[in-house]
1. Size of the dipole of the range 1-54 about the Cα centre, Lys and Arg at +1 and Asp and Glu at -1 on the beta carbon, nothing else charged, in debye to 20?
2. Report the gain in length on full extension from Arg49 to Asp27: 0.36 nm times residue separation, minus Cα-Cα distance, nm rounded to one decimal.
3. Show me, for the range 30-38, the HN-Hα J-couplings you get by feeding each phi into the Karplus relation (A = 6.51, B = -1.76, C = 1.60, θ = phi - 60°), rounded to Hz, glycine and proline as x.
4. Could you tell me how far the Cα centroid of the range 1-18 sits from the Cα centroid of the range 20-48, in Å?
Amino acid sequence: MVTSPCINICKMDSASGLCLGCLRTIDEITLWSRADDSTRINILAAVARRREPLQSKPQFECDRND
C-alpha cells in the first residue's frame with residue numbers, strides 16, 4: 001500500500017489549485033482513497049515534479065545590505 005503524502009496542512013492555494021501541504025490537486029486528493037497503487041505512484045510522481053522547483057528556492061530572502 002502506498003502511503004498518502006498528506007501532512008495535515010490542508011489548505012488549497014487558489015492561484016495554483018494545489019494543496020499547500022502535499023502539493024496535490026483537489027482531484028488527486030479525492031481520488032486517493034479509491035485509487036490503486038499504480039495510480040497513487042503516478043500522483044506521487046506528479047507531486048515530486050511540483051516540489052522540485054520549490055526546493056531550489058531560498059526559504060526567505062533578505063533585502064538588507066550589511
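Derivation of every value follows stated rules applied to the coordinates shown; laboratory data play no part. In this text the structure is predicted, and so the values were computed from the model without any measurement. Note that each Cβ is placed from the backbone with ideal geometry, even for glycine, and that neighbours are counted across all protein chains shown.
1. Using only the charged Cβ atoms, the result is roughly 100 debye.
2. Details: separation 22, 0.36 × 22 = 7.92 nm, distance 1.69 nm.
Once the chain is fully extended between Arg49 and Asp27, it gains 6.2 nm.
3. 6, 6, 3, 5, 10, 7, 7, 4, 4
4. Value for the Cα centre distance between the two parts: 9 Å.
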